[in-house]
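The values are calculated or read from the model by the stated rules, or taken from the named source; none is laboratory data. What you see is a predicted model, and the numbers here were worked out from it, not measured in a lab. Using ideal geometry, Cβ is built from the backbone for each residue, glycine included, and neighbour counts are taken over all protein chains shown.
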Amino acid sequence: MRFFTQRRHFRDLSEQEVLALAISSEEDDARIYRSYAENLRAEFPDTAKVFDGMAAEEDTHRKALIALHRKRFGNVIPLIRREHVAGYYARRPVWLVENLGLDRIRDEAEAMERQAEHFYLQAAKRTSDADTRKLLGDLAAAEAGHQHSAARLEQTHLDDATREGEDHQAKRQFILTWVQPGLAGLMDGSVSTLAPIFATAFATQDTWTTFLVGLAASVGAGISMGFTEAASDDGELSGRGSPIKRGFASGIMTTVGGLGHALPYLIPDFWTATVTAFVVVFIELWAIAWIQNRYMDTPFFRAAFQVVLGGALVFAAGVLIGSG
């Protein structure tokens, strides 16, 4: 198999190469933690301090491993990294993603330590060499220690009030970047397409024609809403986040909102399709009211009254125009 791939199997590595792999892994993880810290520093300075501390912990372990390598094998450390070893755990480059959520970063950091500990424990089970088993066991213990260090650092830098404040800021950013434009798109797609779809339905009583009109209206509205949202605000001053993310959220949800009551007209029977579409509209409007209540703190019955009343008026207008 080595003829077909240049990646080494872990079982083929010498103890020196295993130690070199541990050193490069610790170095990479320290750089990842510093990237997280830098991305968080402006909005979440206290959590950034946590990741600075975790990076320092990785540096300490790396120095200890280098000292052990120098003692056992000399000063020349073989160049071997994760991507050189088949089956070795990989780090997804999520630290390159802009505006990565606070909870996502915390989860990724926890997964990093858990993956490393699990790998070393499994690797230790597969070797019968006493020195290698001890080395892998020590590495697993070090990774487990990192998790306790992270908890200690969070207790040092993040009291309950600070963490609550950062969580609130992260929730607010999520709402501004995803929920608000997505909700606007869902409302526009669900309500604005009612009139052309049901007007066409009652004017022609042709389900295929109605579906095509609904499809065109939904896709067109989605493209329009997406570009409008992305171009309206670059997010720098308003703090609403990436215009591309907001544009996708608005455009996709607009299209989904319109397609919800267009798709039933794939049913050949007109009245079956129309009744199904009406049920879908009812579900869409109540879903919008629930989202407003859940994320925008709008009282549920007020949100339901506003959305259902508006939808009912547009629906009635489409039916009356189509029937006339």
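A few points about this structure:
- Residue within region 278-292 that is over 24 Å from Trp178 (Cα atoms) and polar (S, T, N, Q) present: no
- Among the conditions (1) buried (at least 16 other Cβ atoms within 10 Å of the Cβ); (2) in contact (Cβ under 8 Å) with a residue 24 or more places away in the chain, the only one that Glu43 does not satisfy is (1).
- Of all residues making up region 63-75, the number that are surrounded by 12 or more Cβ atoms within 10 Å (Cβ to Cβ) and among the small types (Gly, Ala, Ser): 1
- The one condition in (1) closer than 18 Å to Leu13 by Cβ; (2) modelled with pLDDT of 70 or more; (3) surrounded by 15 or more Cβ atoms within 10 Å (Cβ to Cβ) that Gln122 fails to fulfil: (3)
- Residue, nearest to His118 (Cα to Cα), within region 66-97, restricted to residues that are at pLDDT 85 or above and aliphatic (A, V, I, L, M): Ile80
- If the condition is being of a type in the set (Phe, Trp, Tyr) and farther than 29 Å from Ala123 by Cα, then region 14-52 contributes only Phe44.
- Remark: pairs (first residue in region 10-33, over 22 Å from Glu113 (Cβ atoms); second residue of a type in the set (Phe, Trp, Tyr) and surrounded by fewer than 21 Cβ atoms within 10 Å (Cβ to Cβ); Cβ separation under 9 Å; 6+ apart in sequence or on different chains) = Glu15/Phe73; Gln16/Phe73.
- In region 46-62, the residues that are surrounded by fewer than 20 Cβ atoms within 10 Å (Cβ to Cβ) and within 25 Å of His84 (Cβ to Cβ): Ala55, Asp59, Thr60, Arg62
- Failed item in (1) over 24 Å from the mean Cα position of the chain (by Cα); (2) among the hydrophobic types (A, V, I, L, M, F, W, C); (3) at pLDDT below 70, with Leu135 passing the rest: (3)
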